[in-house]
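Reviewing the structure listed below.
The values are calculated or read from the model by the stated rules, or taken from the named source; none is laboratory data. Computed from a predicted model, the values in this text were never measured in an experiment. Cβ coordinates were reconstructed from backbone atoms using ideal geometry, including for glycine residues, and neighbour counts include every protein chain displayed. Quick note on the areas: whole protein, heavy atoms, side chains included, nothing else; ligands and nucleic acids left out. Shrake-Rupley method; radii C 1.70, N 1.55, O 1.52, S 1.80 Å.
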Amino acid sequence: MKKKKDKKKKGKKDDWSDDDEDVLADKMINMDLEDGTDDEMSKQMDFKAKQKKKKERKKIQEEEEDEEADAEDEDMEEEEEEKEKEVEVVKKKEEVAKMEEEVAKKKEEMEVVEEKKPEDVDREEVEEKPNSGKEKQKEEEKVTTPEPMEVTTTPSPPPPAQVLASPPAEESEEEEEEESEEMKLKKKRLAEKEALKKLSHKERKKIKQQLEYERQMEAMLKKGGHGSSALDDTFSVSQAEKSDKQQSQLENAVDIKIENFSISAKGKALFTNASLMIANGRRYGLVGPNGHGKTTLLRHIQSRALNIPPNIDVLYCEQEVIADDTRAIDVVLQADKKRSDLLKEKDEHEGNMKKKNKEVDMDRLQDVYDELKAIGADKAEPKARRILAGLGFTREMQGRATKNFSGGWRMRVSLARALFMEPTLLMLDEPTNHLDLNAVIWLDNYLQGWKKTLLVVSHDQSFLDNVCTDVIHLDMHKLQYYKGNYSMFKKMLVQKRKEQIKAYEKQEKRIKDMKASGASKKQAEKKTKEVLTRKQEKNRAKNKKEEKENGPTELLEKPQEYIVKFNFPEPPPLQPPILGLYNVSFNYDGHKPLFKKVDFGIDMDCRIAIVGPNGVGKSTFLKLLLGELSPTIGELRKNHRVKIGRYDQHSGEHLTAEESPSEYLMRLFNLQYEKARKALGTFGLASHAHTIKNKDLSGGQKARVALAELCLSSPDVLILDEPTNNLDIESIDALAEAISEYKGGVIIVSHDERLIRDTNCNLWVIEEQTINEIDGGFDEYRKELLEELGEEINNPSISAHAAADL
């Protein structure tokens, strides 16, 4: 390359050389020319000299770029060679592992042969004479095979085991196929390399840019916000060790009491020296903001990572049942293993009685009958059918195979199985998310009569009010306990917050005064800690509690206020009709009509909640209103200026996966960065989540992004389908308040009783292929539904709702 550069530096024959310039300059000096001509000649010489230097520089730059491109190609080739070597090493390791398995199998066969009787061995030898020669040869080869050596990352010749051992024909065929595929890939790569080498540097660069552009577009257009970045989902747990005496007491305990445990995830503290106390027979509601560790606590209890008494059976209902040919009713009944085993044994004995040549143990059969009677086996199926019916399963659906149900319905089967089993401690995480309003009303009523221990996480305030006897509040990495339902907890929490703020302000004033008197910040904090420690010791002495303290108590932290505020923009006035269906009938192809001669309309003052069991057509009705489906008969009429804003439980799935929430809103609405972040903050999305990719957001965070998008679209009518899913209680309160203040029309499909009540919605029920308004309100609808199911009505929700106003 140096020689080439030197040659190019010399220039072409047509270019000006330094000697020629000097000679010409001397001639011009000797000539008596005018000053003007001298100047022109000198300018021309300078101009040509500059042009020559520019050409030389350009050529040198092109050569350097070519060298860099060649170096890049060489690096790529080296990387590909290294990858190929790694693949070969992995394959060698797999081959060695196969050989080890074969040797182990052969040894087991030899041991079995030695253990057999001589007669059996003789028979086998007679039967297997034709193949004896081959087997002996294989045995000799296996015996002579030494243990396989470890394969290092550097390429090396195959170990002796691979050379001596002769693999079976099937394995050799598979290896040949793999090798042929590898050869094809290698040939393809070589062809691509050769094709790239033929291209110029500029062409290669253009191809790389095109591939990068295609990759970015694919990432931008990928919908759903599904998946997550590769993260290590590990938790670290620490808890106080128990003495032998405490451990023996734990074996017979009926209550759960775990003191001073800590849980952290990826370095972030979720629980710090917290205490878990669950009394037998109580119904607890676990509440707290999203993402603070409620589900994590349930999973740690289920896995017994915490010290749960061994005699307490725990069931955490989180996964849907397997999709197979088992009927829904059988999945529920098979959960009672003892009953299933006894019935199987009974059938065997009764089958033997019919066969005269077999003896039957009549005493054992009588014992089986007695045990079945004792556990109430004859009442099991009616109980299972009652639970399934309450959760929305018709008689025909109960006999349907689970593989014919959607994921939501299989989750209902899982919930039915958990309720049927009645474990000592039942844990439910957002059980109402998969249910319609009718099923939520039944579950609410059913759990009010639950006799065993219950721990439930839910965002449904009415559900918590009706079901729970106690509330556990996850706050500042600790668990705080309150007697009573959720409404009572809210009132006590307001009072407690006032006390905490007062204590924190008093502490800060003391530290400020001490600093003013000349003490340093560290000295002031140390003395304040000592004062707090003395107060706590005094209180413990009064309560006669013996606890060991390591050092002074930590300073009080400022109570964190979790406030969420939603707001929808005020729409312009519109003349009716705003939106309506006129004499509409509809059916899907090949199915019975869902609607017949339906008339329905709304204006800007309407607040409507549509209710009805799953399958009657609530989602189809909304699609007809939105114009996503066309009526079979009749028509949809709407104001040509009306803008409809739609939000449903799957709204977060349409977010682009690779964009952040702020980037997504900036692109959609042409916003500035600050305005996009302000819109996200308005709907309660934490600031750190504004720049995270949409695919890495939680369900609640995606819901907030979708709500911000809905708000920025400035709708005249809101159509909300299960909007409370993925929102916490504070966010649901904020949504209810925003809907109440909104001046446009609202249609809601929701299972959340509190949202329906707080927004003063009129109830419309879809039944018998039409939609009608309900007279009397929510409580009358609840009572009518439970009576139809033949359920005894427990505490009506109206009394729980009234408790909030006490």
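Before moving on, here are some points about what is shown:
- Peptides 271-279, 456-464 ordered by average Cβ neighbours within 10 Å, highest first: 456-464, 271-279
- A viscosity of 1.002 mPa s and a temperature of 20 °C, combined with the Kirkwood radius over Cα pairs in Stokes-Einstein, give a translational diffusion coefficient for region 244-376 of 110 µm²/s.
- Remark: the D341-S275 segment gains 19.8 nm on full extension, using 0.36 nm per residue and subtracting the alpha carbon distance.
- At R0 = 30 Å, FRET efficiency that the Cβ-Cβ distance of K478 and E422 yields, to 0.05: 0.45
- Gyration tensor verdict on region 605-707 (Cα atoms; rounded if a/c is under 1.5, prolate if a/b is larger than b/c, oblate otherwise): prolate
- With a Förster radius of 41 Å applied to the C-beta separation of E84 and K206, the computed FRET efficiency comes to 0.90.
- FRET efficiency, 1/(1 + (r/R0)^6) with R0 56 Å, evaluated for N404 and E359 via beta carbons: 0.80
- Under 5 Å between amide hydrogens, built in the peptide plane, is the criterion, and for D313 it picks out T424, L425 among residues at least 5 positions away or on other chains.
- Those residues of region 689-703 whose amide nitrogen sits under 15 Å from the label point placed on R667, 7 Å along Cα→Cβ: 691-696
- The portion of the accessible surface of region 368-527 made up by carbon and sulfur, rounded to a whole percent, is 53 (1.4 Å probe; DNA, RNA and ligands excluded).
- Loop-located GluC sites (Glu not before Pro) in region 677-778 whose Cβ has at most 16 other Cβ within 10 Å (DSSP): E768
- Residues with amide H under 5 Å from that of T632, placed H, sequence gap 5 or more: S585, F586, N587
- Protection proxy ranking for 649-662, 307-320, 586-599, using the average of other Cβ atoms within 10 Å per residue and placing the highest first: 649-662, 307-320, 586-599.
- A simple spin-label model places the labels of E194 and S238 6.4 nm from each other, with each point 7 Å out along Cα-to-Cβ.
- Gyration tensor verdict on region 612-660 (Cα atoms; rounded if a/c is under 1.5, prolate if a/b is larger than b/c, oblate otherwise): oblate
- Between H688 and K498, the modelled label-to-label distance comes to 3.3 nm, taking each label 7 Å out from Cα in the direction of the beta carbon.
- Model label points for S585 and S740, set 7 angstrom from Cα along the Cα-to-Cβ axis, are 4.4 nm apart.
- Taking amide H as placed 1.01 Å from N in the peptide plane, the amide H of D475 sits under 5 Å from that of Q480, each at least 5 places away or on another chain.
- Above-threshold pairs, the threshold being 19 Å between Cα atoms, out of K565/K743; K496/K558; K337/K403; K638/K702: K337/K403; K638/K702
- Using θ = phi - 60° and Karplus 6.51 cos²θ - 1.76 cosθ + 1.60, couplings along region 187-202 (whole Hz; Gly, Pro as x): 4, 5, 5, 4, 5, 5, 4, 4, 5, 5, 5, 5, 6, 7, 4, 5
- Karplus (6.51, -1.76, 1.60) ³J(HN,Hα), θ = phi - 60°, over region 680-685, in Hz, Gly and Pro reported as x: 5, x, 4, 9, x, 7
- Surface composition of region 678-806: carbon and sulfur make up 45 percent of the accessible area, probe 1.4 Å.
- Order by protection proxy (mean Cβ within 10 Å, highest first), peptides 418-431, 400-413: 418-431, 400-413
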